[in-house]
């Protein structure tokens with residue numbers, strides 16, 4: 001069996017009295033583009049910082065590529081990281097960034113980095129401070145890819161980009177991952193982005209993993225069913241209600257269990273499944289936190305409109321992993 005690229009066991013991290021991650025369990029298979037989604041404060045950036053070795057667990061363990069993150073320079077060379085603000089040196093040119101990457105990274109692939117720069121249409125003579133936000137993101141991606149990492153970690157890299165720059169960045173991300181033969185872990189608030197490029201999903205809320213798996217498998221195991229509320233009691237054993245309102249519910253079940261009954265099962269799309277779990281976590285968390293999650297869920301719903309998805313934010317009847 002192929003070992004996981006990232007494995008967390010009872011992973012907990014606290015900032016003072018605030019718990020960002022609580023007994024988090026996660027195992028990511030290799031060769032995937034993993035979408036990490038969740039509301040603000042869910043623990044996404046904390047998880048990525050732990051994976052990069054920028055923070056240490058309060059308790060529990062996390063292993064990346066079979067070792068403690070940033071265990072030594074050789075391990076650091078196997079992981080690439082693109083932060084949310086896609087940091088680059090404003091006074092250095094694009095070419096000087098590539099030269100710096102060559103000096104600092106033992107596995108540096110200059111040809112690959114230059115191909116990514118050329119593909120992005122960047123002028124090697126241009127100073128980074130004069131690049132647009134989208135161009136800086138492309139430069140940061142080229143530098144991360146030039147390391148030839150086995151795991152590429154990206155923390156909201158396209159958050160500040162306009163729709164055209166965002167689409168271009170995601171296209172180049174997929175190309176880079178395919179060329180490297182690597183695994184990518186992409187944190188994003190935009191469900192449309194995750195739906196477009198990711199084949200594995202992790203939903204994080206309240207410091208814990210609510211859902212994880214290959215997107216095709218998760219979609220095959222979830223349905224939106226149209227039914228009156230009294231019919232919920234008639235659902236057979238093995239059907240778990242994630243989220244419901246007056247006349248429909250998101251459920252997790254073998255589709256064969258839903259063939260007969262006073263309900264109409266239809267395919268659930270990825271945003272519907274994600275929002276169901278986030279709303280369930282909000283309801284379980286209590287009124288104050290639930291209100292915050294509700295606002296986050298509504299904001300996430302707005303981002304799904306580009307894909308034609310309809311988001312629903314109603315009262316949860318239960319959740320499952």
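For the chain, the longest principal axis of the alpha carbon atoms and the long axis of helix 163-180 meet at an angle near 80°.
Give the order of 125, 136 when sorted by the count of other beta carbons within 10 angstrom, beginning with the fewest. Show your work: numbers first, answer last.
Numbers: 125 9, 136 23.
Going from sparsest to densest Cβ surroundings: 125, 136.
Can you tell me which of 210, 138, 234 moves the most in a GNM of the chain? Springs connect C-alpha atoms under 10 Å apart. Ranking 210, 138, 234 by mean-square fluctuation puts 234 first.
Between the helical axis of 94-104 and the longest alpha-carbon principal axis of the chain there is an angle of about 90 degrees.
Calculated from the structure at hand, volume of the Cα convex hull per residue in Å³ is found among [x] 131; [y] 140; [z] 155 as [y]. Taking Cα atoms, how many degrees apart are the long axis of helix 110-119 and the longest axis of the chain, rounded to 10 and kept between 0 and 90? With both axes taken from Cα atoms, the answer is about 70 degrees. By the count of neighbouring beta-carbon atoms within 10 Å, fewest first, 197, 273 end up ordered 197, 273. Each helix, a run of at least 4 DSSP H residues, gives -39500 (n - 2.57); summed and divided by the residues of the chain, these come to -10500 deg cm²/dmol at 222 nm. The GNM of the chain, with springs linking C-alpha atoms under 10 angstrom apart, assigns the highest mean-square fluctuation among 140, 128, 220 to 220. The shape of segment 1-90 comes out rounded: with a ≥ b ≥ c from the C-alpha gyration tensor, a/c is under 1.5.
Of the residues 245, 206, the one with the fewest other Cβ atoms within 10 Å heads the list, and the complete ranking is 245, 206.
How high is the relative contact order of the chain, given as a whole-number percent (alpha carbon pairs under 8 Å, six or more residues apart)?
Numbers: 660 pairs, mean separation 57.9, N = 321.
Dividing the mean separation by the residue count of the chain yields 18 percent.
Highest GNM mean-square fluctuation, the chain, Cα pairs closer than 10 Å: which of 106, 230, 124? Comparing 106, 230, 124 in the GNM, the peak value goes to 230.
Quick note: the coordinates plus some simple rules give every number you see, no bench work behind them. This one's a predicted model, so the numbers in the text were calculated from it and none came from an experiment. Positions of Cβ are backbone-derived with ideal geometry, glycine not excepted, and every protein chain shown enters the neighbour counts.
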